[in-house]
1. Hey, can you tell me all the residues within the stretch 13-31 that are assigned to a loop (DSSP other than H, G, I, E, B) and surrounded by fewer than 17 Cβ atoms within 10 Å (Cβ to Cβ)?
2. Output the number of the condition that F43 fails; it satisfies all remaining conditions of (1) surrounded by 13 or more Cβ atoms within 10 Å (Cβ to Cβ); (2) touching a residue at least 12 places away in the same chain (Cβ under 8 Å).
3. Can you tell me which residues in the stretch 108-131 are loosely packed, with under 13 Cβ neighbours inside 10 Å, over 19 Å from the mean Cα position of the chain (by Cα) and either within 15 Å of D75 (Cβ to Cβ) or of a type in the set (G, A, S) (or both)?
4. Considering only residues that are assigned to a loop (DSSP other than H, G, I, E, B), under 17 Å from I52 (Cα atoms) and in contact with a helix residue (DSSP H, G or I) (Cβ under 8 Å, 6 or more places away or on another chain), which ones fall in the stretch 89-139?
5. Search the stretch 1-12 for residues being in contact with a helix residue (DSSP H, G or I) (Cβ under 8 Å, 6 or more places away or on another chain) and assigned to a loop (DSSP other than H, G, I, E, B), and hand back the single one that is surrounded by the fewest Cβ atoms within 10 Å (Cβ to Cβ).
6. Any idea how many residues of the stretch 66-107 are loosely packed, with under 15 Cβ neighbours inside 10 Å, over 19 Å from L28 (Cα atoms) and among the small types (G, A, S)?
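The values are calculated or read from the model by the stated rules, or taken from the named source; none is laboratory data. What you see is a predicted model, and the numbers here were worked out from it, not measured in a lab. When we count neighbours, we look across all protein chains shown, and the Cβ atoms used for this are built from the backbone with ideal geometry, even at glycine.
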Amino acid sequence: MNFDFNRLYLTTDGRIGRQDFWIGVVGLLVVSIVVAFIIGSLFFVLGRASMILMFIVQIALAYPAYCLMAKRFQDRDKPGKFAAILIGLGLLIALFGILGLTGNPMTGGNALGWFLNLVQFVVAIWFLVELGFLRGTDGDNQFGADPVGNG
């Protein structure tokens, strides 16, 4: 495998296989966890300042995550724009949380918070199966050559 950071996180061109996808996901998770730990150490874990900082981190990681997921959707011969569904939903939920529209997470939130989290959970399961477990299209497709090279 030839790891290319820029191709993985900074472009939506082409296709990637499951292995590159999972490597990319782990990279984004590590960055998210480290940053969350730093922010949590500097601020009260669920304070407004930490929520705003984490939202900024989410925005910063949204494009690399979009690129990663878009290329996997394209490997499945589907529009890469589908990747915006989960990312947009996550950013919307985070913004609503900052604005206090989804209630206090320490007390269980409100109906809007529960509904949005349920929708996000369902979409996340779809993405997990579609992008993480199902094989891409055999051979070339409209988005490029088979990244696995078996086609």
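1. Passing the criteria: D13, G14.
2. (2)
3. G108, A111
4. Matches in the stretch 89-139: L101, T102, G103.
5. Here the residue is M1.
6. 1
Per-residue answers, yes or no, for (1) at pLDDT 95 or above; (2) surrounded by 15 or more Cβ atoms within 10 Å (Cβ to Cβ):
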| site | (1), (2) |
| --- | --- |
| A36 | no, yes |
| Q58 | yes, yes |
| L61 | yes, yes |
| P64 | yes, yes |
| F133 | yes, no |
